[in-house]
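Reviewing the structure listed below.
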Amino acid sequence: MDDVTRTQGVRRSLEECAREARELYLHRCVPYLNAAPEPLDFYRSWISPNRPCVVRNSLRHWRAPGLWSLDYLRQKVGQKQISVAVTPNGFADAVSGDRFVMPEERNMKLSDVLDIIEKKKPGGSGVFYVQKQCSNLLEELPELTSDLEPHVAWMSTALGKTPDAVNFWLGEESAVTSMHKDHYENLYCVISGEKHFLLLPPTDRPFIPYGLFQPAVYHQRDDGEFEIIDREGDEKVPWIPLDPLDPDLARFPEFSSARPLQVTVRAGEMLYLPSLWFHHVRQSHGAIAVNFWYDMEYDLRYNYYQLLHQLSDITVTSVTSQ
């Protein structure tokens with residue numbers, strides 16, 4: 001048996017792994033739970049099998065859903081300086097040509113961001129998105145924390161830990177999160193508006209293309225035009241050079257075998273996004289959300305995913321190069 005035949009055999013095994021996952025335990029759409037679950041049941045039914053779901057009617061005891069309008073934010077924390085991602089096209093942390101381009105990070109008063117979102121003030125040619133992670137809700141807007149819980153009690157009990165980060169999200173409709181995965185158990189809570197998620201399970205990794213890209217950052221010049229500036233000396237970044245909503249199947253034919261799930265998370269709902277699931281996110285204009293990141297367990301599941309990831313890269317590279 002030659003190397004090409006062996007590689008093709010490994011590729012077929014990876015594809016069979018994805019097929020079996022769909023047949024054995026994955027759903028064809030994202031299920032809904034109509035109330036906050038019991039911690040043990042949630043762990044057994046969703047965390048352990050690594051399956052997403054949307055939980056309804058679990059934020060009613062928070063003040064935030066009834067308070068967090070743009071006017072409320074302006075009155076409560078409008079003078080606070082926050083970090084804002086600015087791009088020419090809404091795509092931050094995404095592949096552009098042969099570069100992985102990060103947004104220009106600006107410190108701005110929240111009221112100025114709100115004025116741009118509400119079109120009370122021109123934003124120029126930029127797209128603005130409050131998307132800084134690293135617990136930006138706690139670090140930059142602690143005045144808002146009294147309007148919600150510091151963690152989601154049933155989730156923290158199910159996992160036996162508290163969140164590593166609590167993040168605040170607010171932006172324009174054209175701000176898009178490119179497809180990626182995180183090493184977190186993620187509870188994504190929509191306070192107002194809607195978030196549109198496209199999800200792919202870790203077992204679909206064989207169909208998802210990766211590449212290594214020179215890191216760069218957007219910079220808006222004095223004339224209003226954006227330029228891309230390379231970050232010299234930084235290592236290349238592994239990222240997905242594909243738009244799952246409009247995939248280039250001529251360039252990435254393997255993606256035709258992927259089976260994405262799409263779900264809209266509305267105000268008052270929360271999405272459980274399991275660790276290592278690939279996701280692409282869009283939103284309604286001015287949507288507000290908070291998410292809780294719980295660090296995943298680096299156990300056998302992580303070990304299996306790393307093997308799947310490495311074999312996927314090897315087989316795509318090997319088959320393509322023959």
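Below, the figures for the structure above:
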item: Matching entry among 292, 255 (being buried (at least 18 other Cβ atoms within 10 Å of the Cβ), out of contact with any Asp or Glu (no Cβ under 8 Å at 6 or more places or on another chain) and more than 27 Å from residue 96 (Cβ to Cβ)); result: 292
item: Unique match (being under 14 Å from the mean Cα position of the chain (by Cα) and open to solvent by less than 20 Å² (accessible area, probe 1.4 Å)) among 156, 178; result: 178
item: Scan of the range 273-285 for residues that are over 11 Å from residue 197 (Cα atoms) and either open to solvent by 10 Å² or more (accessible area, probe 1.4 Å) or in contact with a Leu (Cβ under 6 Å, 6 or more places away or on another chain) (or both), ordered by number; result: 277, 284, 285
item: One residue from 34, 50 being out of contact with any helix residue (DSSP H, G or I) (no Cβ under 9 Å at 6 or more places or on another chain) and polar (S, T, N, Q); result: 34
item: Checking residue 167 against (1) polar (S, T, N, Q); (2) buried (at least 18 other Cβ atoms within 10 Å of the Cβ); (3) in a loop (DSSP other than H, G, I, E, B), the condition it does not meet; result: (3)
item: Residue list for the range 1-27, restricted to those being within 14 Å of residue 50 (Cα to Cα), open to solvent by 60 Å² or more (accessible area, probe 1.4 Å) and not aromatic (Phe, Trp, Tyr); result: 22, 24, 27
item: Flag for residue 46 being outside any strand (DSSP E or B), open to solvent by 10 Å² or more (accessible area, probe 1.4 Å), within 30 Å of residue 300 (Cα to Cα) and hydrophobic (A, V, I, L, M, F, W, C); result: yes
item: Tally, over the range 55-90, of residues that are within 28 Å of residue 148 (Cα to Cα), of a type outside the set (D, E, K, R) and open to solvent by 60 Å² or more (accessible area, probe 1.4 Å); result: 6
item: Verdict on residue 230 being at pLDDT 95 or above, touching a strand residue (DSSP E or B) at 6+ places or on another chain (Cβ under 9 Å) and among the acidic types (Asp, Glu); result: yes
item: Tabulated pairs, the range 157-176, first touching a residue at least 12 places away in the same chain (Cβ under 8 Å) and basic (Lys, Arg), second open to solvent by 20 Å² or more (accessible area, probe 1.4 Å) and in a strand (DSSP E or B), C-beta under 6 angstrom, 6+ apart or interchain; result: none
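Conditions (1) within 18 Å of the chain's Cα centre (by Cα); (2) farther than 17 Å from residue 290 by Cβ; (3) surrounded by 19 or more Cβ atoms within 10 Å (Cβ to Cβ); (4) of a type in the set (Ser, Thr, Tyr), marked per residue:
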site: 92; (1), (2), (3), (4): yes, yes, yes, no
site: 105; (1), (2), (3), (4): no, yes, no, no
site: 125; (1), (2), (3), (4): no, yes, no, yes
site: 130; (1), (2), (3), (4): yes, no, yes, no
site: 134; (1), (2), (3), (4): yes, no, no, no
site: 138; (1), (2), (3), (4): no, no, no, no
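The values are calculated or read from the model by the stated rules, or taken from the named source; none is laboratory data. None of these values were measured; they are calculated from a predicted model. Cβ coordinates were reconstructed from backbone atoms using ideal geometry, including for glycine residues, and neighbour counts include every protein chain displayed. Protein only, heavy atoms only, side chains kept; ligands, DNA and RNA dropped before computing areas. Shrake-Rupley method; radii C 1.70, N 1.55, O 1.52, S 1.80 Å.
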